[in-house]
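Participant: One structure follows; several queries about it will come next.
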Amino acid sequence: MNIEIPYHKRTMIINVPERRLKSVLVPEEPVVQQYVDESRIVSDALAAPCGSERLSVMAKDRNRILLITSDHTRPVPSKITMPLLLEEIRAGNPDAEIRIIIATGFHRPTTTAELIDKFGETIVANEEIIIHDAFDDSRMTFKGLLPSGGELWINDLIDWADLIVAEGFIEPHFFAGFSGGRKSVLPGICSAKTIMYNHNSRFIADRNSRAGVLDGNPMHKDMLFAAKKAGLGFILNVTLDHAKRITAAFAGEPGAAHETGCALLSSRVRVDAVKADIVVTSNGGYPLDQNVYQTVKGMTAAEKCINPGGVMIVVSSCCDGHGGEGFLEWFTSSGSPKEVADKISSIKPEDTLPDQWEAQILARILMKCREVIIVSEHADPSLIRSMHMHHESSFEDALKYADKALGVERDIVVIPDGVSVIVD
């Protein structure tokens, strides 16, 4: 059976023997009529916001407006959403000073080429865009203590602004429950020390820090607090289909708009786990499969399905390498995934180290599996091996390797897009 898997900026067709294929786990695909314009979906949401006045009305007496947007690792369709946000603001206040800040969180800075790819040349040439730097303490302002006890430091542009707006998209998130909404602030524009405290090993290990879970999620609680302290006043979030097309939009008061979007998405993307010895997944293609760091997200869906000692096959480009020096070092400096896990579990929240959260989750997955195989034509095989995984350039070779590792042909479950589903 041929199955289409998102891969880099295209798809990869994998052939799975039908006699071995146990299940293909895909979410309910929302029906989008071909004549529906994505811009219309967004415009309609802006015209009827949740729990809020229209953004144009809010902007009338606000002269300094900060627009928070996602970085190069997120498929937010800013070529559609950002022009409409700017138009809405300027309809209410054409003289407002607007600054766009790229919420890099703990990621590397977004390049100019990536900005153009995200926004188009017109916005990059004509709007003021600032790249958030979580490591520049001189640009941070203190906003108290998080519910967890960590210090809350946020980019000081929030003190410059008299209206803060964020755009983003909602998808299942492997430890924050869902992306979007409050995540634009924490981790988006917070300091490294705040992000690290929020991403501590105890929170990552918490059973409620999982995809699709908001109630009782300690990380979500901190993020909500940070968004409120920052003064986030309005959001525009969208949901996307497998081709990164807008399927729905949610605008308005941050809590109400985000909760509405999460509830709708949750009703569409939950699937029941099907257990197997071989599980195939992906990270949804570009931009989320650019590096190993991000690829861990798609692995967590497969983690719910794989039998202990099974083989996980992950189709992911990883064209941009590991995604974080700290993340890489956890594995290159340790003899086994268990050693990584043991080291991280002993670290206090206030002593959290860069990227340890991603290493903690990857180590957990590696300990459950006999092998994790990264299928990529772009990745450096030596890098993959240094992180205690195996590399193959094709799915066919990966399946042969899995069969050899297991000693006999086993059943296979395929999750074509691991970041688009919540596996229960």
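Participant: Suppose only helical runs count, i.e. DSSP H with n ≥ 4. What mean residue ellipticity at 222 nm does that imply for the chain under -39500 (n - 2.57) per run, divided by all residues and rounded to the nearest 500 deg cm²/dmol?
Facilitator: -10000 deg cm²/dmol
Participant: Residues with beta-carbon under 9 Å from that of Ile14, excluding Ile14: net charge, scoring Lys, Arg +1 and Asp, Glu -1?
Facilitator: -2
Participant: Using the alpha-carbon centroid of each, what span in Å lies between region 240-290 and region 82-127?
Facilitator: With region 240-290 and region 82-127 each reduced to a Cα centre, they are spaced 24 Å.
Participant: In debye, nearest 20: dipole of region 38-268 around its Cα centre with unit charges on the Cβ of K, R (+) and D, E (-)? Working shown, then result.
Facilitator: Details: 25 positive and 29 negative charges, 134 e Å.
Rounded to the nearest 20 debye, it is 640 debye.
Participant: Ok, one more. Would you kindly derive the ³J(HN,Hα) couplings of region 249-258 from the backbone phi angles with the Karplus curve 6.51 cos²θ - 1.76 cosθ + 1.60 (θ = phi - 60°), listing them in order in whole Hz, with x for Gly and Pro?
Facilitator: Running phi through 6.51 cos²θ - 1.76 cosθ + 1.60 with θ = phi - 60° gives 9, 9, 10, x, 4, x, x, 5, 5, 5 Hz.
Participant: Roughly speaking, what % of Cα-Cα pairs in region 38-268 are separated by over 30 Å, rounded to a whole number?
Facilitator: Looking at region 38-268, the distances longer than 30 Å represent 17 percent of pairs.
Participant: Do the alpha carbons of any pairs in Lys221/Lys343; Lys244/Lys275; Lys183/Lys304; Lys229/Lys304 sit beyond 32 Å of each other, and which pairs? Let's see the in-between values first.
Facilitator: On the way: Lys221/Lys343 26 Å; Lys244/Lys275 28 Å; Lys183/Lys304 24 Å; Lys229/Lys304 35 Å.
In this structure, Lys229/Lys304 lie more than 32 Å apart at Cα.
Participant: Which distance in nm do the two modelled labels at Ile130 and Ala273 give, with both placed 7 Å along the Cα-to-Cβ direction?
Facilitator: So the label points at Ile130 and Ala273 sit 4.4 nm apart.
Participant: Right, another one. Take the alpha-carbon centre of region 157-221, take the same for region 352-394, and report the distance between them in whole Å.
Facilitator: If we compute the Cα centre of each part, the gap is 24 Å.
Participant: Of the peptides 202-215, 253-266, how do they stack up when ordered by the mean number of other Cβ atoms within 10 Å, highest first?
Facilitator: Per-residue Cβ counts within 10 Å, averaged per peptide and sorted highest first, yield 253-266, 202-215.
Participant: Sticking with this structure for a sec: Efficiency by 1/(1 + (r/R0)^6): what FRET value for Arg207 and Glu350, r their Cβ-Cβ distance, R0 = 22 Å, to the nearest 0.05?
Facilitator: 0.45
Participant: In what sequence do Met82, Met1 fall when counting other Cβ within 10 Å, fewest first? Present the calculation step by step, with values, prior to reporting the outcome.
Facilitator: On the way: Met82 21, Met1 13.
Fewest-to-most Cβ neighbours within 10 Å comes out as Met1, Met82.
Participant: Using only alpha carbon pairs under 8 Å that are at least six residues apart, calculate the relative contact order of the chain and give it in whole percent.
Facilitator: 20
Values in this text are rule-based calculations from the coordinates and carry no lab data. Note that this is a predicted model, so its numbers are computed, not measured. Cβ coordinates were reconstructed from backbone atoms using ideal geometry, including for glycine residues, and neighbour counts include every protein chain displayed.
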